[in-house]
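J.: Dumping the structure here so I can ask a few things about it.
The values are calculated or read from the model by the stated rules, or taken from the named source; none is laboratory data. Quick caveat: nothing in here was measured; it's all calculated off a predicted structure. Cβ placement follows ideal geometry from the backbone for every residue including glycine, while neighbour counts extend to all protein chains displayed.
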Amino acid sequence: MKIILSLTKQFVFWLMFFAIIRIIYFIYNINFVLVEDISFWEAVASFYYALNLDIATACYILVIPFLILLIQSFYSPVWINNINRIYTLVIISLFSLITTAELGVYEEWKTKLHYKALTQATHPSEIYNSAETHIFFLLIGILLIQVFVSFYLYRKFFFDKIVKIKRNIIFSILFFLIMPFFLVISMRGGLQEIPINQSQSYYSKHNILNLAAVNSGFNLYISVFENLKNFGENPFKYFDDEIAENIVNKIYETPKDTTIRILKNKNPNIVFLIMESWSADLIESLGADPGITPEFHKLEKEGVLFTNIYSPGSRSEQGMASIFSGFPSHPISAITVQPDKFVGLSSLTHIFNDKGYSSSFYFGGQLIYGNIKSYIIYNKFDRITEGCNFNSDIPKGKLTVHDQYVFNRMLNELNEDKEPFFSALFTSSTHSPFDMPMKIKHFRDDNFNLYLNSAWYTDSCIGDFMLKAKRQAWFDNTLFIIVADHSHHSYKHYPYHSKEYHKIPLLFCGNVIKEEFRGTTIDKLGVQTDIATTLLKQLNIDDSEFYRSKNLLNPYSPDFAYIAFEEGIGWVRPAGDFFYDNRFDHYYHIHLDPAIQDSVIKEGKAFLQIIFKEYMEY
C-alpha cells in the first residue's frame, strides 16, 4: 500500500503544481484580465477545463516514478529515493522555466511557448536584451521561487521515502500489469478514439483564459512533436492540390493589367524605412489617438497612404521575406530562418542590383537574431551596417543603437553613394524594452506608455531624417516607402486573432510623387507582400518573379489580405473575414454573410494550403 500511496501523492502534487502556476499566470497578467472584463468565475472555470490536460500531463511525468516504485517493490535501498527526488526537481525546474518564459512572451506574442519560440533560445543574450531589465529579473525571481517552493512542498508533504519494505510478489506483478494501463489511458484522456489535445481546454471567447487552461508542458510537447512531423507532410492540406491551386489562381485573377502612375520618374532612388512593431494604432489617419506620430502625419501630405494594409506575419524575420521577397508568412516557422529555402526566393535587391542600383541596409542591433543576417546577406546588399559597425562612443540602448544615430549614419552614407540607390533602414527603438534617449512623455497611465513613447521617438527621428534629406541633391528623385515589419499589441486591446490587431501603416512619399497624388489615400485591401509588385509596376520592371504579390495601384487587382499565425490563418475580404486555428479546428470568429461564408472560408484554406506547400518545396 505504501507504493500505491506514494504514487498517488505524487500525482496529487503535480495537479497542485499546475494549479499554482496557473494562479501565478493570472496574477502576472491581471491587467489583461481586467481589460477584457473577465468575471471572477469565468477565470476560475479555467481550472476545471484544465483538469483533463493536467491529469494527462501528470501521468506522462509519473512514468519514471512508476518505474522507480516498481523497482522499490522488489528492492528498496535508501539511494533509490534520491533518483526520484532528483528527477522531480529536474521536471519542476524545466516546467517552471517553460511557464515563466510564457509570462514574458504573452504580452508580445499572445500565445503559449511553442516550437518556433525554441529557436529564439539559441540567442540568450538577445532574449535578455529584448526584455526590460526589471521585468527580466522579476521573471528570474518568479522562476527561482517557483522551483524552490514547489520542491520544498514536494519533499515536505508529498514524497514518501521507501526503505526496505516487505516484498509482496503478487502485489508487484499486479502493480506492473495494471498501473501502466491506468497511466496510458489517462495520458490519452480516456478510451475515446481521438486522444486528448489542447482543444479540450478551450472554453472561452477570451483567449487568455484558453491559454491559461492549456497545460504548458503538454502544449510545448505537442508543438515540437507536430512541427517536426509536419515538415514531411503539409499539415494544412484541405483539398486536392489541383483543386486548391485552381482556387488560389482564381483569387489572383486580374481582369486588366494596368496601374495608376504616381511617380514622376522611372529610375528613382528607393529608400525603405521598415518600422519595428508599428501598429496602425500609432497612426492618426488610421484611427489612432492624435499626437503619437505627428511627423508621419505630416509626411502623409507628401505622399500616398495605403489605408487597408495588414502584416501577414508577427515576427521581424517573417516581415523581411514579405517585404523584400514578396513571399507571404506562413504558420509553424519562417522561411528566412532556413538558408536552404530562402535562397529560392525572389529578391527586390537582386532586381535593383541588376538595374545598376547601389544598395545598403541599416540596423542598430545584431541581425543574427531570427537569422535575418543570413537572409540580408543573401539579398546582396552592397553595404550592410548593424550595431557592431558603430563606434563604441555612439549612444546605445540595452538592445541596439538608438534610431537617431542609425538614421544619421544612413543619411551621411547615402550622400556618398552612387545614384540610383536602393537602401533600407530597419528601426529598433519600438522593440521592447523601448529604451530611448529622450524624456518620457505622458500618453497614458498604463503599460503602453513606454511603447507609445518609443513610437513618438522613432517618429521624431523620421522627421529629422526627412528634414535633412530634403537638403540633399538626391532628395527630389527619391521614393521613400515607410512600412512596419509587423504589428504590435496596442492600447486598443484588439484580440490577437482579429484583423485589427494586424493592421499596419504603408506610405509612399517624397518629391518623386506627382503633385496630384500627394495627400491621397488608397483603400485597396492588401499586405506587405504586395509592395514588391506595386513598386516594380511603377518602374516598368518585370514583376513575374513575385507571383504572390499584387499591384495595390491597379484598381482591377483583387482585394484580399492573408494573415498567418502559429497554427492557422486569418483571411480578410471586403465582404468580411474569419480567423481559423487548424490544430484545434477552431474558428475564433467568422464575420461573413452565411450566403458566402463557405466559399470565402474555402478560399482562405486553399490559400494557406498552397502557401505552405510552396514553402515546403523551397
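J.: Within the stretch 1-42, work out how many residues are farther than 17 Å from Tyr106 by Cα and either of a type in the set (Asp, Glu) or assigned to a helix (DSSP H, G or I) (or both).
T.: 23
J.: Just to be sure before I move on: is Thr458 of a type in the set (Val, Ile, Thr), part of a helix (DSSP H, G or I) and either within 22 Å of Thr293 (Cβ to Cβ) or free of Cβ contacts under 8 Å to residues at least 12 places away in the same chain (or both) in the structure I sent?
T.: So Thr458 passes the test.
J.: Condition test on Asp598, is it free of Cβ contacts under 8 Å to residues at least 24 places away in the same chain and either surrounded by 20 or more Cβ atoms within 10 Å (Cβ to Cβ) or closer than 24 Å to Asp241 by Cα (or both)?
T.: yes
J.: Residue check: is His493 in the same structural domain as Lys298 (by TED's automatic domain parsing), touching a helix residue (DSSP H, G or I) at 6+ places or on another chain (Cβ under 6 Å) and not in a helix (DSSP H, G or I)?
T.: Answer is yes for this residue.
J.: Quick one: in the stretch 244-288, of everything that is in contact (Cβ under 8 Å) with a residue 24 or more places away in the chain and among the basic types (Lys, Arg), which residue is nearest to Ile610 (Cα to Cα)?
T.: Lys256
J.: Also, quick follow-up: Just to check your reading of the model, which residue among Gly287, Gly303, Gly319 is surrounded by fewer than 22 Cβ atoms within 10 Å (Cβ to Cβ) and small (Gly, Ala, Ser)?
T.: Gly287
J.: May I pose another question? Which numbered condition in (1) crowded, with 19+ Cβ neighbours inside 10 Å; (2) of a type in the set (Phe, Trp, Tyr); (3) closer than 28 Å to Pro420 by Cα is the only one that Tyr378 fails?
T.: (1) is the only condition that Tyr378 fails.
J.: Which members of the stretch 42-98 meet the condition of being among the β-branched types (Val, Ile, Thr) and within 15 Å of Phe218 (Cβ to Cβ)?
T.: Ile55, Thr57, Ile61, Val63, Ile91, Ile98
J.: Please enumerate the residues belonging to the stretch 559-573 that are farther than 15 Å from Glu500 by Cβ and of a type in the set (Phe, Trp, Tyr).
T.: Phe560, Tyr562
J.: Something else about it: His297 versus (1) in a loop (DSSP other than H, G, I, E, B); (2) without any contact (Cβ under 8 Å) to a residue 40 or more places away in the chain; (3) buried (at least 17 other Cβ atoms within 10 Å of the Cβ): which is the lone unmet condition?
T.: Going through the list (1) in a loop (DSSP other than H, G, I, E, B); (2) without any contact (Cβ under 8 Å) to a residue 40 or more places away in the chain; (3) buried (at least 17 other Cβ atoms within 10 Å of the Cβ), His297 breaks only (1).
J.: Could you please let me know if Asn453 is over 22 Å from His297 (Cβ atoms) and polar (S, T, N, Q)?
T.: no
J.: All but one of (1) under 16 Å from Ala564 (Cβ atoms); (2) crowded, with 24+ Cβ neighbours inside 10 Å hold for Phe324; state the number of the condition that does not hold.
T.: Condition (1) is where Phe324 drops out.
J.: Right, Thr111: modelled with pLDDT under 75 and touching a helix residue (DSSP H, G or I) at 6+ places or on another chain (Cβ under 8 Å) or not?
T.: no
J.: Further question on the same structure: Would you pick out the residues in the stretch 560-589 that are free of Cβ contacts under 8 Å to residues at least 12 places away in the same chain and in contact with a helix residue (DSSP H, G or I) (Cβ under 7 Å, 6 or more places away or on another chain)?
T.: Result: no residue meets the conditions.
J.: Within the stretch 359-418, restricting attention to residues that are within 27 Å of the chain's Cα centre (by Cα) and small (Gly, Ala, Ser), which residue is farthest from Ala455 (Cα to Cα)?
T.: Ser374
J.: Does Ser498 satisfy the condition of being under 29 Å from the mean Cα position of the chain (by Cα) and either surrounded by 18 or more Cβ atoms within 10 Å (Cβ to Cβ) or assigned to a helix (DSSP H, G or I) (or both)?
T.: no
J.: I need the full set of residues from the stretch 510-537 which are of a type in the set (S, T, N, Q) and under 22 Å from Gln472 (Cβ atoms), in order please.
T.: Asn511
J.: Right, another one. So Lys9 passes all but one of these: (1) surrounded by fewer than 16 Cβ atoms within 10 Å (Cβ to Cβ); (2) more than 19 Å from Ser186 (Cα to Cα). Which condition number does it fail?
T.: Lys9 satisfies every listed condition except (2).
J.: If you check Thr521, Thr529, which single one turns out to be under 25 Å from the mean Cα position of the chain (by Cα) and outside any loop (DSSP other than H, G, I, E, B)?
T.: Going through Thr521, Thr529 in turn, the sole match is Thr529.
J.: Please verify whether the stretch 56-78 includes one or more residues that are surrounded by fewer than 20 Cβ atoms within 10 Å (Cβ to Cβ), more than 30 Å from Phe171 (Cβ to Cβ) and touching a Ser or Thr at 6+ places or on another chain (Cβ under 8 Å).
T.: No.
J.: Report yes if some residue within the stretch 414-422 is acidic (Asp, Glu) and surrounded by 15 or more Cβ atoms within 10 Å (Cβ to Cβ); otherwise report no.
T.: So far as the stretch 414-422 goes, yes, one or more of its residues are acidic (Asp, Glu) and surrounded by 15 or more Cβ atoms within 10 Å (Cβ to Cβ).
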